[in-house]
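In what follows, a structure is listed as structure tokens, so that the remarks can point back to it.
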Amino acid sequence: MSLRSFRSAFTLVELLVVIAIIALLIGVLLPALRGARAAAWNVACLSNLRSIGQAVHLYADDSGGELPLADHAAGFGDPDPIGTRLASWSIALLPYLDARGFDRGVFEDPGLLASRAGDWRASVEALYRCPHDPRGADPPAHEAGRYDGSYGYNVYYVLTPSELDPINPPARVWRKLDAIPRPSLTVAFGEVAEGESNGTMTDHLMAHFWVQFHAPTDRVAKTRHGKTAGYLMLDGRAVDIEFEKTFDLDRGIDDWNPATAR
């Protein structure tokens with residue numbers, strides 16, 4: 001008499017239990033994975049800012065202590081040490097960031113710069129893009145030098161005396177690194193809000209308007225990292241903090257103005 005063989009199988013109840021366990025594990029693990037990804041993106045953003053900070057100092061070392069320009073350079077004539085209006089910070093720092101296809105000879109020649117559109121876009125995405133910034137998925141800007149990165153320069157470093165104070169222009173401006181009283185406490189860069197990718201007024205933040213005209217501060221991407229964002233201090237230190245720790249007039253905080261940074 002031969003024994004009948006039986007094939008073992010899951011019952012419907014057992015299958016439902018397994019599915020429920022898998023769903024529970026997914027529910028538990030997904031938030032942790034999202035949190036780990038967000039933390040990694042925060043670290044990458046701060047690393048970008050630190051690299052920019054190092055490049056600013058190298059640029060200043062090679063430029064008689066002068067800080068780089070922004071697109072906003074009204075009233076200075078042509079102050080850039082290499083003699084080109086094109087050399088706003090997002091271009092002028094590229095040789096110090098080992099960007100492919102860029103050196104001083106390139107951005108001194110507008111025609112040569114225009115031929116580097118592909119390299120320019122790659123540089124923006126690699127060097128000037130916070131991983132949290134959804135603009136990384138935008139169609140590429142095909143014009144070389146048309147900045148739409150994540151980081152905006154503090155405009156105080158290019159303001160004229162009359163822009164600093166239209167009524168009583170000061171004798172002092174903040175064009176040189178050694179002129180800044182407290183570089184470790186003064187903001188050099190913040191993050192620019194999404195929707196600012198049309199190439200106009202995107203490489204800097206008009207921080208003096210927040211005081212002079214009580215202008216809104218909504219061009220700063222204050223919550224790109226959740227409740228915080230990345231900021232670069234002028235000494236090269238990158239921090240992930242709330243915007244209100246850098247600017248809050250009600251509490252007398254203005255770390256964007258070199259004269260009041262504390």
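Tabulated data for the structure shown
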{"read-out": "Nonlocal amide H pairs with Asp254, under 5 Å, H built at 1.01 Å", "value": "Asp248, Arg262"}
{"read-out": "Most to least packed among 213-222, 151-160 [average Cβ atoms within 10 Å]", "value": "151-160, 213-222"}
{"read-out": "Segment Ser115-Thr160, extension gain: residue separation times 0.36 nm, minus the distance between their alpha carbons", "value": "12.9 nm"}
{"read-out": "Least to most buried among Thr223, Thr186 (fewest other Cβ within 10 Å first)", "value": "Thr223, Thr186"}
{"read-out": "Burial ordering of Ser184, Ser115, Ser63, Ser90, fewest other beta-carbon atoms within 10 Å first", "value": "Ser184, Ser115, Ser63, Ser90"}
{"read-out": "Cα gyration tensor, segment 153-238 - rounded (a/c under 1.5), prolate or oblate", "value": "oblate"}
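Read the figures in this text as sums done on the coordinates, not as results from a lab. Note that this is a predicted model, so its numbers are computed, not measured. So basically every Cβ, Gly included, is an ideal-geometry build from the backbone, and we count neighbours across all protein chains shown.
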